[in-house]
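As structure tokens, the structure follows; a few thoughts come after it.
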Amino acid sequence: MLKKRSVSLSGHATSVALEPEFWAVLDAIAVEAGLTQAGLMKRIDERRGRRPLASACRLLALDWAGGDRSFADQRSAD
């Protein structure tokens, strides 16, 4: 079952639907990176290119689960 979260990105309201397991990993990434959930989604959005946001979230979670912590070390463009 998918769980939706709403977020405002670049002034536009959007929602992302992911499995709870992916949200759990993304929440851990936010804590490690010192970001709010909204800040994490903004950073993912900044770096996703043309990839759909939900796909970018899942790929980040998979990278993180595989041991790649580089995302937490990167700084936002802001």
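The values are calculated or read from the model by the stated rules, or taken from the named source; none is laboratory data. These numbers come from a predicted model, not from an experiment. Virtual Cβ from ideal backbone geometry, glycine too; neighbours counted across all protein chains shown. Surface accessibility is based on the protein's heavy atoms, side chains included, excluding ligands, DNA and RNA. Shrake-Rupley method; radii C 1.70, N 1.55, O 1.52, S 1.80 Å.
Among the numbered conditions (1) in contact with a strand residue (DSSP E or B) (Cβ under 8 Å, 6 or more places away or on another chain); (2) among the β-branched types (Val, Ile, Thr); (3) touching a residue at least 40 places away in the same chain (Cβ under 8 Å), tell me where Thr14 comes up short. With respect to (1) in contact with a strand residue (DSSP E or B) (Cβ under 8 Å, 6 or more places away or on another chain); (2) among the β-branched types (Val, Ile, Thr); (3) touching a residue at least 40 places away in the same chain (Cβ under 8 Å), Thr14 is out only on (3). Here Phe22, Phe71 are screened, and the one residue that is of a type in the set (Phe, Trp, Tyr) and at pLDDT below 95 is Phe71. Scanning segment 40-56 for residues that are touching a helix residue (DSSP H, G or I) at 6+ places or on another chain (Cβ under 7 Å) and open to solvent by less than 30 Å² (accessible area, probe 1.4 Å) turns up Leu40, Ile44, Leu53, Ala56.
Number of residues in segment 26-78 that are within 9 Å of the chain's Cα centre (by Cα) and in contact (Cβ under 8 Å) with a residue 12 or more places away in the chain equals 18.
Taken over segment 3-28, the residue count meeting the criterion of being outside any strand (DSSP E or B) and in contact with a Ser or Thr (Cβ under 8 Å, 6 or more places away or on another chain) is 0. Taking segment 57-70 as the range and being among the hydrophobic types (A, V, I, L, M, F, W, C) and in contact with a helix residue (DSSP H, G or I) (Cβ under 7 Å, 6 or more places away or on another chain) as the test, the residues that pass are Cys57, Leu60, Ala61, Trp64, Ala65.
Number of residues in segment 2-33 that are open to solvent by 60 Å² or more (accessible area, probe 1.4 Å), in contact with a helix residue (DSSP H, G or I) (Cβ under 8 Å, 6 or more places away or on another chain) and farther than 16 Å from Ser55 by Cα equals 3.
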